[in-house]
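First up is the structure itself, then whatever we jot down about it.
The values are calculated or read from the model by the stated rules, or taken from the named source; none is laboratory data. Because the structure is predicted, anything quoted here is derived from the model rather than measured. Because the Cβ atoms are built from the backbone with ideal geometry, glycine has one as well, and the counts that use them run over all protein chains shown. Accessible surface is based on the protein model in full, side chains and every heavy atom, while ligands, DNA and RNA are left aside. Shrake-Rupley method; radii C 1.70, N 1.55, O 1.52, S 1.80 Å.
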Amino acid sequence: MDREEQRQRFIDIMAKFTVYTGRYLPDDVLSRLEELRETENSDLAKIIYDAMFENLKMAEELNRPCCQDTGVIQYFVQVGTKFPLIGEIEECLREAVQKATVIGPLRHNAVEVFDEKNTGNNVGTRIPWIDWEIIPDSDEVIIYVYMAGGGCSLPGAAKVLMPLEGYEGVVKFVFDQITSYGINACPPLLVGIGIAGSVEVAAKLSKKALLRPLGSHNNNPRGAELEKRIEKGLNDVKIGPGGLTGENSVMGVHIEQAARHPATIAVGLSTGCWAHRRSVIKISADMEYETISHKGAIL
Ligand code: SF4
């Protein structure tokens, strides 16, 4: 494969995978929704879950996105220093998004700030958003796709807490946000929390927390315990599927952290909705792919 063929193959894979992400929920999210449906006792909550599964079935049958809001496209790229297209990934992903917008179809969700003009192809200033991590000595790339919908982005917030507010301040911040704005994000929610020393790091980590597989835990036992306790507390609020009350509010609570300044704790919050369109793909140097989030998917 020459360079141009590699480029075209990469664009094609990423365009199709982006479309696929909008149609099919990842394996872990599907199983969690099935588990949560079983925990519900009320007819109303069961009806909401049934509507979600019916919606997913129709998206598959009709080849349509499973939610009309296919979001602003975000890519979290872990690229090996020896991946052949390392210098061209951004340009290729911008092309992939334009292609995905047509074949998806994806809703036009990139509005230029100040001009207030929709670009009409989901590409705009710094959009698709690309977050980079460099992996030394690898010749592969792993790409997370996230569709940041309007509703599921709405409860997002970040703040540097006053000294002495401590971890209690983190918990209060999360509960205030979720109980005030959580229902806008089509529960059951995935709650991503970042804890760090400054606001932008906390915000970014809160989004990274949403990329972790459901069922995973914070790498520090105290962090894992805090995840469990916040999850239990939020479920006790009984927001329920669709915000219409029920046994559970969340699919999970994920915390990611960075070492902080001695005087400050910054907290960031991002939320994912029931239609948590987060996918992961690995592409090798010879442009073969493996869909990690959707086992066995053929693009
Ligand atoms: S919150 Fe999620 S399911 Fe609800 S409209 Fe937005 S993208 Fe769709």
Checklist outcome for this item: The lysines whose Cα lies under 17 Å from the Cα of Lys46, excluding any fewer than 8 residues away in the same chain, are Lys57, Lys238
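Using a 1.4 Å probe on the protein heavy atoms, what percent of the accessible area of the chain belongs to carbon and sulfur? Don't skip to the end; give the middle numbers.
Values: 7760 of 14060 Å².
About 55 percent, which is the carbon plus sulfur part of the accessible surface.
Compute the accessible area per residue over the range 1-77, keeping the other protein chains in place, probe 1.4 Å, unit Å². Write down the numbers at each step before the final one.
Values: 3700 Å² over 77 residues.
It amounts to 48 Å² per residue over the range 1-77.
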Checklist entry - So which cysteines of the chain have no other cysteine's Cβ under 4.7 Å from theirs? => result Cys66, Cys67, Cys92
Checklist outcome for this item: Checking rank on 37-50, 189-202, 95-108, with mean other Cβ inside 10 Å and highest first, the result is 189-202, 95-108, 37-50
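Please compute the alpha carbon radius of gyration of the chain, then divide it by the globular-protein estimate 2.2 N^0.38 Å. Two decimals is fine.
Values: Rg = 19.4 Å, N = 299, 2.2 N^0.38 = 19.2 Å.
Expressed relative to 2.2 N^0.38 Å, the Cα Rg reads 1.01.
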Item to check | For the range 152-272, accessible area per residue (1.4 Å probe, heavy atoms of protein chains only), Å² | outcome: 45 Å²
